[in-house]
Amino acid sequence: MDLALWIAAGLLAVVALTGGVSKVFVPQEKLAAARGGEWTAGARPGFVKTLGGLELLAALGLVLPAATGIAPVLVPVTAVCWVLLMVGAMITHVRHGSAGFAGLNLIYLAVAAFVAWGQFTA
């Protein structure tokens, strides 16, 4: 079970890192032109950058606390925060007609819920 939790948290961390880097460092016009990023066209730049920053923090919070042994309770707390972020992402993608991306967010939500459950009950 421990290995499965590490794998799940690691995969989510990669997803969070990828999303965070793109939202923080890729110009918003380029994001808006990309498939799945259409929602950024109508969003304020600061909002998109803030979401990216939160995703970068999530990438760290899903792995570093458990890896270092410093405040490992932050891993399931981060996973719960990721669940909430994915609910918002699903709503946003459905509103913009990207049901496929909403489905992908549902998978990420399920993996994060597994990490939270596994870490809180361990």
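Readers should treat all values here as calculations from the given coordinates under stated rules, not as data from a laboratory. Keep in mind it's a predicted model, so treat the numbers as computed, not measured. Positions of Cβ are generated from backbone atoms using ideal geometry, with glycine treated the same way; all protein chains shown enter the neighbour counts.
Work through the residues other than Val24 whose Cβ is under 14 Å from its Cβ and net out their charges, Lys, Arg +1 and Asp, Glu -1.
Values: positive: Lys23, Lys30, Lys49; negative: Glu55.
With Lys, Arg at +1 and Asp, Glu at -1, the net is +2.
With a cap of 13 neighbouring Cβ atoms within 10 Å, and only residues DSSP puts in a loop, list the trypsin sites (Lys or Arg not before Pro) found in segment 1-54.
For trypsin sites (Lys or Arg not before Pro) across segment 1-54 that sit outside H, G, I, E and B with at most 13 neighbouring Cβ atoms in 10 Å, the list reads Arg35.
Any chance you could run the full-extension gain for Ala32 through Phe120? It's 0.36 nm times the residue separation minus the Cα-Cα distance, nm to one decimal.
Working it through step by step, the gained length comes to 28.0 nm.
Taking only C-alpha pairs under 8 Å that are 6+ residues apart, what is the relative contact order of the chain in percent? Write down the numbers at each step before the final one.
On the way: 141 pairs, mean separation 35.5, N = 122.
That works out to 29 percent.
Taking the number of other C-beta atoms within 10 Å as the exposure measure, put Ser98, Ser22 in order starting with the fewest.
Listed from fewest to most nearby Cβ atoms, that is Ser22, Ser98.
What shape does segment 45-102 have by the C-alpha gyration tensor, where a ≥ b ≥ c are the square roots of the eigenvalues, rounded means a/c under 1.5, and otherwise prolate means a/b greater than b/c and oblate the rest?
Prolate.
May I ask for the distance between the Cα centers of segment 1-43 and segment 69-111, given as a whole number of Å?
11
Using only the alpha-carbon atoms, what does the chain span along each of its principal axes? Please give whole angstrom values in decreasing order.
42, 25, 17
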